[in-house]
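Below: the structure, in C-alpha cells.
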Amino acid sequence: MKSTRIGRVWILTMGRAQLIMAVVAILAVAGGAVLFNYLAGPPPVMTTMGPQPVRRGDTAQAAVSLMFNVDWGEDVIPAILEILEDSGARVTWFITGTWARKNPQMLRLMYGQGHEIALHGDEHSHILKLSDKDLSTLIAQNAETVKKITDVAPAKLFAPPYGEVNERVVKVAADLGYATIMWTHDTVDWKKPPASTIVKRVVGRAESGALFLMHPTAPTAEALPTILRGLKAAGYQVVPVSQLLPPTTKPTR
C-alpha cells in the first residue's frame, strides 16, 4: 500500500476491499455519516492561497491587451496615440497622479480617443514599504486626480508601481474596489531595446487573454504599427484590460 500526504490528509492507494474496510472503520470511530463516492475519485484539495493579482485575461477570447504604464514619456505618447487612432485599437493607460497633474490635456486626449484610463498610484512609489493607510491613500488620490481632470472615474484597475505586489497590496486595492493588474508578458521596453525585439516579445508571444506590459518609449512607438498588424494577422483583437478580464475577476464596486 502506497501513501501520499497532502496537509493532514492521507490519500491511500489500495484495493477496493481494503478501501471499503477503511471507510467503515472511519465511520465507526467518528460515529457520523459520510457520503463517499468511490468512483468520483478523491475530493478537491483545498488551498490557503490568499488574494492574487490578475496576470492573464479571459482565454476564451481571441484578444489581447496592451497596457501602458505611464509616469513619464509625454514626448512619445502623442505618436503612440496617433498610431492607435489610425489602427482603431484601444489600450489601457495606467497613469500616475503626478503625471496626470503635469499633463492634463494629454490625459483628456487619451480618454477622448476611447482608451481606458486606470491607476498606477498617485506617485511612483515603492508600495511594499507603505502602510495599508498610505497605500489606500495612494490609490484613492490617484483616482481623484484622474476624475478631476477627465470628469470620469477611472477604470477599477490598479497596476502597482515597479510591479511590487503581494497579498496585502491586492487586498488593500480590492477593499477600495480595484482589481490589481500585473502582466502575462513584459516587453521590458523601458530598457529601449530595438523595435524588432519589442515586436517579437509581443507578436511572438501572442495568446488568447495575454496582457502585455509596455511603456511610452521611442522604440515602442516604432514597433507599434508592426505589432498591431501582426496581432491582427494572427487573429487577435486588441482590447482594453477591463474587456478582457474573466467574469470572476471583474471589479464589482
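The values are calculated or read from the model by the stated rules, or taken from the named source; none is laboratory data. None of these values were measured; they are calculated from a predicted model. Quick reminder, even Gly has a Cβ in these numbers, built from the backbone with ideal geometry, and neighbours come from all protein chains shown.
Tell me which residues, restricted to region 74-125, are among the aliphatic types (A, V, I, L, M), in contact with an Asp or Glu (Cβ under 9 Å, 6 or more places away or on another chain) and assigned to a loop (DSSP other than H, G, I, E, B).
The one that is among the aliphatic types (A, V, I, L, M), in contact with an Asp or Glu (Cβ under 9 Å, 6 or more places away or on another chain) and assigned to a loop (DSSP other than H, G, I, E, B): Val91.
With the condition kept exactly as written, say whether any residue in region 135-150 is within 18 Å of Leu245 (Cα to Cα) and more than 13 Å from the chain's Cα centre (by Cα). So that I can check it myself, show each step before the final result.
To start, the set of residues in region 135-150 that are within 18 Å of Leu245 (Cα to Cα) comprises none.
Checking region 135-150: not a single residue is within 18 Å of Leu245 (Cα to Cα) and more than 13 Å from the chain's Cα centre (by Cα).
If you go through region 97-114 one residue at a time, how many are in contact with a helix residue (DSSP H, G or I) (Cβ under 7 Å, 6 or more places away or on another chain) and either more than 29 Å from Gly209 (Cβ to Cβ) or in contact (Cβ under 8 Å) with a residue 40 or more places away in the chain (or both)?
Residues that pass the stated criteria total 8.
Val199 fails exactly one of the following numbered conditions: (1) under 23 Å from Leu107 (Cβ atoms); (2) hydrophobic (A, V, I, L, M, F, W, C); (3) touching a Ser or Thr at 6+ places or on another chain (Cβ under 9 Å). What is the number of that condition?
(1)
Spot the failing condition for Phe68; the list is (1) at pLDDT 95 or above; (2) farther than 21 Å from Val202 by Cβ, and only one is missed.
Unmet condition: (2).
Residues being more than 12 Å from the chain's Cα centre (by Cα) and touching a residue at least 12 places away in the same chain (Cβ under 8 Å): count how many of those fall in region 151-163.
As a first pass, look at region 151-163 and keep what is more than 12 Å from the chain's Cα centre (by Cα): 151-155, 161-162.
From the residues that got through so far, the ones that are touching a residue at least 12 places away in the same chain (Cβ under 8 Å) too are 152, 154-155, 161-162.
Within region 151-163, residues that are more than 12 Å from the chain's Cα centre (by Cα) and touching a residue at least 12 places away in the same chain (Cβ under 8 Å) number 5.
May I ask you to list the residues in region 50-62 that are touching a strand residue (DSSP E or B) at 6+ places or on another chain (Cβ under 7 Å), surrounded by fewer than 20 Cβ atoms within 10 Å (Cβ to Cβ) and more than 12 Å from Pro246 (Cβ to Cβ)?
Ala62
How about region 164-197: which of its residues are without any contact (Cβ under 8 Å) to a residue 40 or more places away in the chain and under 24 Å from Arg101 (Cα atoms)?
Within region 164-197, Glu164, Ala173, Trp190 meet the criteria.
Only one residue in Asp151, Asp132, Asp122 is surrounded by fewer than 18 Cβ atoms within 10 Å (Cβ to Cβ), in the same structural domain as Ala221 (by TED's automatic domain parsing) and on the phi < 0 side of the Ramachandran plot, so which one is that?
Result of the check over Asp151, Asp132, Asp122: Asp132.
Looking at Val199, Val188, Val146, Val170 in this structure, which one is surrounded by fewer than 19 Cβ atoms within 10 Å (Cβ to Cβ) and not charged (D, E, K, R)? It would help to see each step written out before you state the result.
Numbers: Val199 fails: surrounded by fewer than 19 Cβ atoms within 10 Å (Cβ to Cβ); Val146 fails: surrounded by fewer than 19 Cβ atoms within 10 Å (Cβ to Cβ); Val170 fails: surrounded by fewer than 19 Cβ atoms within 10 Å (Cβ to Cβ).
Exactly one residue qualifies, and that residue is Val188.
Within region 140-170, track down each residue that is assigned to a helix (DSSP H, G or I) and touching a Ser or Thr at 6+ places or on another chain (Cβ under 9 Å).
Narrowing region 140-170 to residues assigned to a helix (DSSP H, G or I): 140-150, 161-163, 167-170.
Passing the criteria: Asn142, Thr145, Pro161, Tyr162, Val169, Val170.
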